[in-house]
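The values are calculated or read from the model by the stated rules, or taken from the named source; none is laboratory data. Because the structure is predicted, anything quoted here is derived from the model rather than measured. No Cβ is skipped: glycine too gets one built from the backbone with ideal geometry, and neighbour counts run over all protein chains shown. Keep in mind that these areas ignore ligands, DNA and RNA; they rest on the heavy atoms of the full protein, side chains included. Shrake-Rupley method; radii C 1.70, N 1.55, O 1.52, S 1.80 Å.
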Amino acid sequence: MLVLAHVSDIHIDGSERNTSRAARALTYARSLRPDAIVLTGDLADNGAMEEYEIVRELVSGDDVPLVLCPGNHDTRAHLRKVLLEQDGDHPVNQALNLDHATIALCDSSVPGRPEGELSDDTLAWLDSVLAATPGVPAFVGMHHPAVALGIPYVDGIRLGRPEGLAEVLGRHPHAIAVLAGHAHTAAATTFAGLPLLVAPGVVSTALLPSETSAHPPVDHDLPPAVALHVLDDGRVTTHFRPVP
C-alpha cells in the first residue's frame, strides 16, 4: 500500500495566519508518515523571494520525500532560486520515482495570467517521464484542474487546452489518477477516463453558488485540510481530512 499526502494552496504571504495554517497542514501530513508529500502550487501568494524563504523553512528538514509544482500566484524564477537552488524561469516540472509509483508534477502556470495551460515542452516532458516507467502506477499532477467543478469563480480560470493532456495520458495506461489544486475545495471528478482529485485549500475554502452569494465565494474560517491518496491493489482511494 502506498499513501500520498496532498497539500495545496498554502499562499505564504508573510502573515502569521497563512504561515501558521501551512505549518499545521504540513505537520499533520508528515505525522501520517506518507510515502511522499505532493504540493500542487500557489506556494507563495505574491511570488516574492521572501515568501519562498518561509516556504523553504516549512518544507525542509524532513525525511518524507516532497515534490511540488507552481501555481498562478507563484513566480518561477524565484521559486527555482530559493527552493530548488536553480536559475531560470522556464517551467518547473518535477518527477518523483518511488518504489511502487511515479509522481509527475507539471507546471500549468502561465506567467501573468490566472488561468493555466501546459506548454508543448511540458507535455513532451510528461510523455517522456511516463514512457520511462511503463507498468508502474503513475500519478500526474498540476495546479489547475482540467475540468469545470461547478464553481464559476474557479472554472473561469481552470486549465486551458486540456486535450493535450488527455492525449498524453491516453498513451500511457499506467497513469492512474490526475491531481490538482487551485480550487480551494476538496473535489473528486474524472478527466480522460481517470480520477481527477482536487486537494482542499489550506488558507481558505471556495464555496459552491448554493452555499453563498458573496463574491469571491470564499470562506476564510473553515479549517485547513489535506487529501490522502491511498494506492492499494491497483485502486486509488482518497480521504479528505481537516487539520486538527
Next item on the list: Determine which member of the set Tyr28, Tyr52 is touching a residue at least 24 places away in the same chain (Cβ under 8 Å), under 20 Å from Gly201 (Cα atoms), among the hydroxyl-bearing types (Ser, Thr, Tyr) and surrounded by fewer than 20 Cβ atoms within 10 Å (Cβ to Cβ).
Entry: Tyr28
Next item on the list: Give me the pairs, please: first residue somewhere in the range 73-94 and at positive phi, second residue anywhere and open to solvent by less than 70 Å² (accessible area, probe 1.4 Å) and small (Gly, Ala, Ser), beta-carbon distance under 7 Å, and either six or more positions apart or on two chains.
Entry: Gly88/Ala77
Note to self: Please verify whether Leu222 is at pLDDT 95 or above and within 27 Å of Leu165 (Cβ to Cβ), treating the condition exactly as stated.
What the structure shows: no
Checklist line | Matching residues in the range 203-237 - criterion: being out of contact with any helix residue (DSSP H, G or I) (no Cβ under 8 Å at 6 or more places or on another chain), closer than 20 Å to Val38 by Cα, assigned to a strand (DSSP E or B) and of a type outside the set (S, T, N, Q) | finding: Ala227, Leu228, His229, Val230, Leu231, Asp232, Arg235, Val236
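Got at least one residue in the range 184-197 being touching a helix residue (DSSP H, G or I) at 6+ places or on another chain (Cβ under 9 Å), free of Cβ contacts under 8 Å to residues at least 60 places away in the same chain and among the hydroxyl-bearing types (Ser, Thr, Tyr)? Spell out how you get there, then give the answer.
First pass over the range 184-197, keeping only residues touching a helix residue (DSSP H, G or I) at 6+ places or on another chain (Cβ under 9 Å): 184-185, 191-194.
Still in the list and also free of Cβ contacts under 8 Å to residues at least 60 places away in the same chain: 185, 191-194.
With the extra rule that they be among the hydroxyl-bearing types (Ser, Thr, Tyr), the set shrinks to 185.
There is at least one residue in the range 184-197 that is touching a helix residue (DSSP H, G or I) at 6+ places or on another chain (Cβ under 9 Å), free of Cβ contacts under 8 Å to residues at least 60 places away in the same chain and among the hydroxyl-bearing types (Ser, Thr, Tyr).
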Item checked: Neighbours by Cβ (under 6 Å, 6+ apart or cross-chain): first from the range 37-49, in contact (Cβ under 8 Å) with a residue 60 or more places away in the chain; second polar (S, T, N, Q) and in a loop (DSSP other than H, G, I, E, B) -> Thr40/Ser8
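For Leu149, indicate whether it is of a type in the set (A, V, I, L, M, F, W, C), within 25 Å of Pro209 (Cα to Cα) and within 15 Å of the chain's Cα centre (by Cα).
Values: of a type in the set (A, V, I, L, M, F, W, C): yes; within 25 Å of Pro209 (Cα to Cα): yes; within 15 Å of the chain's Cα centre (by Cα): no.
Considered against the rule, which asks whether it is of a type in the set (A, V, I, L, M, F, W, C), within 25 Å of Pro209 (Cα to Cα) and within 15 Å of the chain's Cα centre (by Cα), Leu149 comes out as no.
Determine whether Asp120 is farther than 24 Å from Asp35 by Cα, within 17 Å of the chain's Cα centre (by Cα) and open to solvent by 20 Å² or more (accessible area, probe 1.4 Å). Steps first, answer last, please.
Details: farther than 24 Å from Asp35 by Cα: yes; within 17 Å of the chain's Cα centre (by Cα): no; open to solvent by 20 Å² or more (accessible area, probe 1.4 Å): yes.
Considered against the rule, which asks whether it is farther than 24 Å from Asp35 by Cα, within 17 Å of the chain's Cα centre (by Cα) and open to solvent by 20 Å² or more (accessible area, probe 1.4 Å), Asp120 comes out as no.
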Check: Ala104 is checked against (1) under 30 Å from Glu211 (Cβ atoms); (2) buried (at least 16 other Cβ atoms within 10 Å of the Cβ) and fails just one. What number does that condition carry?
Finding: (1)
Check: Could you say whether any residue in the range 157-168 is of a type in the set (Gly, Ala, Ser) and within 22 Å of Ala227 (Cα to Cα)?
Finding: no
Next item on the list: Working only within the range 104-129, note down all residues that are out of contact with any Pro (no Cβ under 9 Å at 6 or more places or on another chain) and in contact (Cβ under 8 Å) with a residue 60 or more places away in the chain.
Entry: Leu105
Next item on the list: Have a look at Ala188, Ala225 and point out the one that is within 22 Å of Arg30 (Cα to Cα) and touching a strand residue (DSSP E or B) at 6+ places or on another chain (Cβ under 6 Å).
Entry: Ala225
